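Notes to accompany the following structure.
Readers should treat all values here as calculations from the given coordinates under stated rules, not as data from a laboratory. For clarity, every value in this text was computed on a predicted model and none was experimentally measured. As a convention, Cβ positions derive from the backbone with ideal geometry for all residues, glycine included, and neighbour counts pool all protein chains shown.
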Amino acid sequence: MSNDERLYQEALTHLRTALNQPDAIFRDDQYEAIEHLVKDRRRLLVVQRTGWGKSLVYFIATRLLRNRGDGPALLISPLLALMRDQIRMAGNLGLRAVTINSTNTKAWHEIEGRIECDEVDILLISPERLGNEKFRERVLAELAWRVGLFIVDEAHCISDWGHDFRPDYRRIGRILQYLPNTVPVLGTTATANDRVIADIQEQVGESLRIIRGPIKRESLRLQNIMLPTQSARLAWLAEQVPRMPGSGIIYCLTIKDTQNVANWLQSEGIEAHAYSGRIEHDERIELEDRLLRNDLKALVATSALGMGFDKPDLGFVIHFQRPGSVIHYYQQIGRAGRALPDAYAVLLCGEEDEAITSYFLETAFPPERHIDSVLDALRNSDNGLTLDEIERTVNLKRTQIEKVLKRLSTESPTPVYKQGTAWRATPVEYRPDHQRIEQITALRYEEQAQMREYMERQQCLMGFLETALGIVDPEPCGRCAPCMGQPILPDSAGWEIASRAHQFVRQQSYGIEPRKRWTNPGVPALGYTGLISNELRHEPGRALSLWRDSGWGEMVYAGKFQRERFPRKLVEVGAELIRDRWRPEPAPTWVTCVPSLQRPELVPDFAQRLADELGIPFFPALKKRYPTEEQKSRQNSYQQLKNIAGSFAITGIARPGQPVLLVDDIVDSRWTFTVAAAELRQAGSGPVFPFALTTMFGVGG
């Protein structure tokens with residue numbers, strides 16, 4: 001038997017062990033990829049559809065290389081959920097796989113010792129870990145000289161032309177420059193078009209070999225349905241999801257929508273739960289496991305449930321809103337039908353889709369003024385600045401500051417670096433690549449337009465997706481709604497369920513949680529430091545609507561900007577929410593409101609009429625001492641508290657010691673309610689219950 005035949009038989013044995021299938025054979029290109037890595041020690045990019053078996057390639061290659069005495073593999077993987085699946089699969093091949101990430105900090109020291117003693121076959125890390133100074137010094141430096149295989153999963157994230165570019169992936173290119181040519185390198189992805197592949201090749205090196213396979217998913221049945229209002233889409237979901245095969249995923253663009261859709265489906269007796277990056281790590285694991293076991297009908301998820309989630313029998317993927325990219329859409333529907341003859345991918349399109357995707361496009365890159373503000377603050381500091389200190393220096397949200405620092409710290413050479421908890425400026429004179437940013441932004445808008453075109457497509461939908469991903473002249477799939485010449489699923493819901501959905505949307509309300517702590521250092525002159533005591537803290541409150549939503553949000557907007565007063569209907573539904581659904585305890589015995597010098601009559605007029613509807617008195621207990629900037633112009637908590645603190649004066653307390661309803665039109669940062677409530681409590685009021693007509697929470701997030 002030749003060496004080539006011996007290598008093939010050894011790889012085939014490992015394949016059958018990994019799959020626990022004694023008659024398994026390699027799919028097209030799988031063994032070719034393994035051979036390139038193990039025998040030829042090449043740099044390789046594998047572009048294959050989801051479910052093809054890309055992880056099998058690098059695990060079998062790792063096993064073969066370790067058997068030949070090579071060092072451990074290093075796998076860059078973007079998601080913790082993906083890492084968990086990968087570690088399980090590695091174990092099937094007897095590979096000692098470990099991960100160093102934010103959820104297992106207590107195990108880091110032990111893992112580092114095992115790596116040093118060569119007791120680890122493959123180390124999985126997130127790209128963010130490459131930016132950690134201690135990790136680079138203690139782990140990466142130890143591995144760099146003996147790594148046996150370098151793997152970049154979801155390699156499209158390397159390219160800022162890709163739909164899911166991550167700045168931390170920039171560091172990978174620098175690491176590759178220092179790796180010896182004898183170290184094999186593997187990048188894998190299912191979603192890379194020609195432009196992305198060319199960019200990856202430029203960063204990894206001209207010697208990069210590319211293996212690219214077909215992307216058509218034979219089992220998927222695609223259909224697009226235009227349902228502009230949220231209530232129409234909710235009704236459709238409630239009627240059709242129970243009829244769908246098995247379990248599936250419903251994708252939403254915002255966290256707030258995942259919660260609303262899940263709540264609606266639960267109210268209709270459908271076992272569905274919200275899933276996003278804001279959910280605690282352990283809860284995410286539990287929800288994923290329940291979906292894998294078919295204990296749920298659906299997870300209603302943001303894109304946080306995406307890359308790497310592997311459930312071969314996932315029966316459907318539904319999009320509640322239109323994503324901003326065809327490539328992103330393909331990546332998400334690729335979760336369905338991997339081991340099924342039939343699975344559904346349904347795109348529901350709504351009136352809010354364009355506004356949400358445009359918001360994401362407009363905030364993708366930090367504006368130059370944000371970069372200049374942060375750099376100026378750091379350059380003017382002798383000892384560097386922590387995140388808290390940067391917040392106090394510049395009028396930017398913390399997320400905006402973090403986005404700037406992330407962008408700058410991954411540039412080469414970098415104009416900033418982190419030492420301990422403090423950020424410092426380097427002598428590097430930073431100049432943004434305006435031309436590239438403009439080109440990428442223009443591409444994003446082209447992708448948005450392409451997605452609109454897909455929504456209106458009257459010919460093969462799978463063929464459209466294939467063309468977008470670089471397949472020339474694809475054959476019609478014969479299974480999507482346009483190919484069938486008729487809807488696969490009904491394109492509307494029955495009248496009764498539509499009526500319930502409309503009522504559900506109108507009855508939504510949004511919590512206003514009390515802040516627990518003053519910003520550091522707070523406002524010491526007013527006693528606003530440290531924890532907010534129970535004696536000054538307001539109670540949990542409610543907002544009637546989400547800003548400009550299809551429930552009452554649009555009516556609030558019209559009342560604020562297009563009329564002299566809020567409509568009578570908002571008074572009625574506000575009172576109904578407070579009296580019949582919220583029912584704050586103890587019940588407020590009087591009403592007051594947040595004053596404004598810009599529109600002094602708008603909110604007091606509404607609060608007076610609301611008090612009349614509730615049958616309790618209104619009293620203007622607060623007045624403004626001096627004009628302040630609109631809170632929306634203040635971007636972070638320190639600036640917002642500084643703007644509003646001390647601006648209120650108490651004119652009197654209508655009912656000392658009695659609970660009060662505190663009314664405003666819009667709540668965003670919650671600092672206005674926090675400060676106003678503290679003033680009322682200090683002046684002798686009882687518990688303070690905030691009520692707002694609308695909230696900005698969850699818009700675009």
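The calculated FRET efficiency for Lys418 paired with Trp495, based on their beta-carbon distance and R0 = 60 Å, is about 0.55. For the range 100-169 and the range 28-53, what is the separation of their C-alpha centers, rounded to whole Å? So the two Cα centres are separated by 21 Å.
Would you tally the net charge around Thr182, using a Cβ to Cβ cut-off of less than 15 Å, leaving Thr182 out, and scoring K and R as +1, D and E as -1? Every neighbour counted, the sum reads +4. Counting neighbouring Cβ atoms within 10 Å and putting the fewest first, the residues Phe360, Phe320, Phe648 line up as Phe360, Phe648, Phe320. Principal axis analysis of the Cα atoms in the chain yields extents of 96, 68, 45 Å, listed in decreasing size. A straight chain from Glu402 to Glu453 at 0.36 nm per residue would run longer than the Cα-Cα distance by 14.9 nm.
Listed by chain and number, the aspartates and glutamates whose alpha-carbon sits under 19 Å from that of Lys623, ignoring those within fewer than 8 places in the same chain, are Glu601, Asp605, Asp664, Asp665, Glu679. Take 443-451, 323-331 and order them by the average number of nearby Cβ atoms within 10 Å per residue, most first; the result is 323-331, 443-451.
Can you work out the FRET efficiency for the pair Lys623 and Asp295, with r the C-beta to C-beta distance and R0 = 56 Å, to the nearest 0.05?
The calculated FRET efficiency here is 0.50.
Net charge in the neighbourhood of Phe26 (other residues with Cβ under 11 Å of its Cβ; Lys, Arg +1, Asp, Glu -1) is -2. Taking 0.36 nm per residue of sequence separation and removing the Cα-Cα distance, the Glu218/Ala141 pair yields an extension gain of 23.2 nm. Gain on full extension, evaluated as 0.36 nm per residue between Val523 and Asp473 minus their Cα-Cα distance, stands at 11.4 nm. Contact order, relative form, for the range 1-133: 24 percent (alpha carbon pairs under 8 Å, 6 or more residues apart, mean separation divided by residue count). Taking label points 7 Å from Cα along the Cα-to-Cβ direction, Asp342 and Lys516 give a separation of 5.0 nm. With helices as the sole contributors, the chain gives -11500 deg cm²/dmol at 222 nm; each DSSP H run of n ≥ 4 counts as -39500 (n - 2.57), and the sum is divided by every residue. Where in the range 436-466 does the amide nitrogen come within less than 19 Å of the point 7 Å from the Cα of Gln486, taken along Cα to Cβ? Counting backbone N atoms under 19 Å from the label point, the list is 458-461.
Restricting the range 484-537 to trypsin sites (Lys or Arg not before Pro) that sit in a DSSP loop and have at most 15 other Cβ atoms within 10 Å of their own Cβ leaves Lys516.
Taking the DSSP bridge list for the chain and keeping only pairs wholly inside it, about 15 percent are antiparallel. Averaging Cα coordinates gives a centre for the range 399-463 and one for the range 641-686; these two points are 41 Å apart. Counting only residues at least eight positions apart within a chain, or on another chain, the lysines with an alpha carbon under 28 Å from that of Lys624 are Lys397, Lys516, Lys560, Lys632, Lys642. In the range 507-695, the DSSP beta bridges split such that about 35 percent are antiparallel, to the nearest 5.
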